[in-house]
1. Would you pick out the residues in segment 47-86 that are in a helix (DSSP H, G or I) and more than 30 Å from Ala112 (Cα to Cα)?
2. Restricting attention to segment 161-183, does a residue exist that is assigned to a strand (DSSP E or B) and within 19 Å of the chain's Cα centre (by Cα)?
3. Quick test for you: out of Arg15, Arg66, Arg59, Arg75, pick the one residue that is modelled with pLDDT of 95 or more, exposed (fewer than 15 other Cβ atoms within 10 Å of the Cβ) and either under 16 Å from the mean Cα position of the chain (by Cα) or not assigned by TED's automatic domain parsing to the domain that holds Thr156 (or both).
4. Would you say Leu141 is outside the structural domain of Phe21 (by TED's automatic domain parsing), assigned to a helix (DSSP H, G or I), within 28 Å of Ala67 (Cα to Cα) and among the hydrophobic types (A, V, I, L, M, F, W, C)?
5. State yes or no: is Phe196 in the same structural domain as Thr126 (by TED's automatic domain parsing), within 30 Å of Leu80 (Cα to Cα) and crowded, with 18+ Cβ neighbours inside 10 Å?
6. Would you point out the residue of segment 184-230, among those that are among the β-branched types (Val, Ile, Thr) and within 16 Å of the chain's Cα centre (by Cα), that is nearest to Glu140 (Cα to Cα)?
7. Considering each residue of segment 185-223, count those that are assigned to a strand (DSSP E or B), closer than 25 Å to Pro148 by Cα, touching a Lys or Arg at 6+ places or on another chain (Cβ under 8 Å) and not polar (S, T, N, Q), and give that number.
8. Given the criteria touching a residue at least 40 places away in the same chain (Cβ under 8 Å), in a strand (DSSP E or B) and either crowded, with 19+ Cβ neighbours inside 10 Å or within 18 Å of the chain's Cα centre (by Cα) (or both), does Ala109 qualify?
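The values are calculated or read from the model by the stated rules, or taken from the named source; none is laboratory data. Everything quoted here is computed from the prediction, not taken from an experiment. Cβ: placed from backbone, ideal geometry, glycine included. Neighbour counts: every protein chain shown.
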Amino acid sequence: MGAAGLTPGVCAAVRTGRSLFPRGVVFTEAAAAMWEQPLPVAEEQHLAGAVPRRIREFRAGRHSARAGLARIGLRPELLLPAPGGGVRWPSGAVGSISHSGRYCAAAVAPAALAAGIGFDAAQRTTVTEVMARAVCRPEELDRCERDPYPAEERATLVFSAKEALYKALHPLTGVPLGFQDVTVTVPAARLTSGRFWARVLAPGPLSGLRVQGRYAFTATEVLTSVVLSHHPTTGKEPTR
C-alpha cells in the first residue's frame, strides 16, 4: 500500500491529478474508506432510491471535497447538490468533484484564488465510436481519425475536456452548454499530458469564449482540468 492507504497505482494518479492545477488548488483523491462512510443525514437524503454504485460515488466525492476544504481552513456542515448539478460550495471556496469507475477525486481552492474550477475523470475508453458522433464536432472527429492514437481515447479526452469546462463555467453563469456547443483543440496531442483549448461556439453570453485547460492520462483514466482566473488573459489558440 502507498501513502494514506492508497495503492501505488492510485498514488501515481494522485500525483498526476495534482499536476493539473496551479499552486493553491488542493487535489484530494478518495481513499478506500470514503466510498463506504455515511454522510450527514441531510446529504444522505439525496441518495434515496439511488443504486449502490451511485451511493458509493456520492459519498466518496463529498468526503474527498471535505478533506480538501479542511486543508484550506473550511469545514462546512453540509455539501448539498446545486441546481443543475455540482455542489453548493461554502462561501469562500470553489471546487469540482469527479468520479469514474473506482476512481474519485475533488479539487478545491479559496475563491480568492480562482473564479471557478472544473475537474473531470473518465476511463480512457469511455467514448465509443458511436458515442463520439454525439460528443465530438465534425472537426474534432476529423482530428481523432488523423491522430496516431486510439480514436476512442482521443474522443474521451475531448469529452472530458468539455465536461471540465462546463463544471467550471456553469456555477458562475448558469448557461447550459451541450457537447456540440464547444470545440476542443489539443495541440500536438500525446497520450501522456498537455494542454487543450476549449472555445464556446453557441450563441449567447459565452459565445466566443476561449479557455485553456490541462489534461493527463493515467494507466486507466484521462483527467482534465479548467481553472478560471479572476483576471483572464487572452492567448493564441492553436490552429491544429
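1. Leu47, Pro52, Arg53, Arg54, Ile55, Arg56
2. Yes, some residue in segment 161-183 is assigned to a strand (DSSP E or B) and within 19 Å of the chain's Cα centre (by Cα).
3. Arg75
4. On the way: outside the structural domain of Phe21 (by TED's automatic domain parsing): yes; assigned to a helix (DSSP H, G or I): yes; within 28 Å of Ala67 (Cα to Cα): no; among the hydrophobic types (A, V, I, L, M, F, W, C): yes.
Criteria not met by Leu141.
5. no
6. Val184
7. Residues of segment 185-223 assigned to a strand (DSSP E or B): 185, 193-200, 210-217, 221-223.
Restricting the remaining residues to those that are closer than 25 Å to Pro148 by Cα gives 185, 193-199, 212-217, 221-223.
When the remaining residues are screened for being touching a Lys or Arg at 6+ places or on another chain (Cβ under 8 Å), the result is 185, 193-199, 212-215, 217, 221-222.
Cutting the leftovers down to not polar (S, T, N, Q) gives us 194-199, 213-215, 217, 221-222.
Total satisfying the criteria: 12.
8. Against the criterion (touching a residue at least 40 places away in the same chain (Cβ under 8 Å), in a strand (DSSP E or B) and either crowded, with 19+ Cβ neighbours inside 10 Å or within 18 Å of the chain's Cα centre (by Cα) (or both)), Ala109 qualifies.
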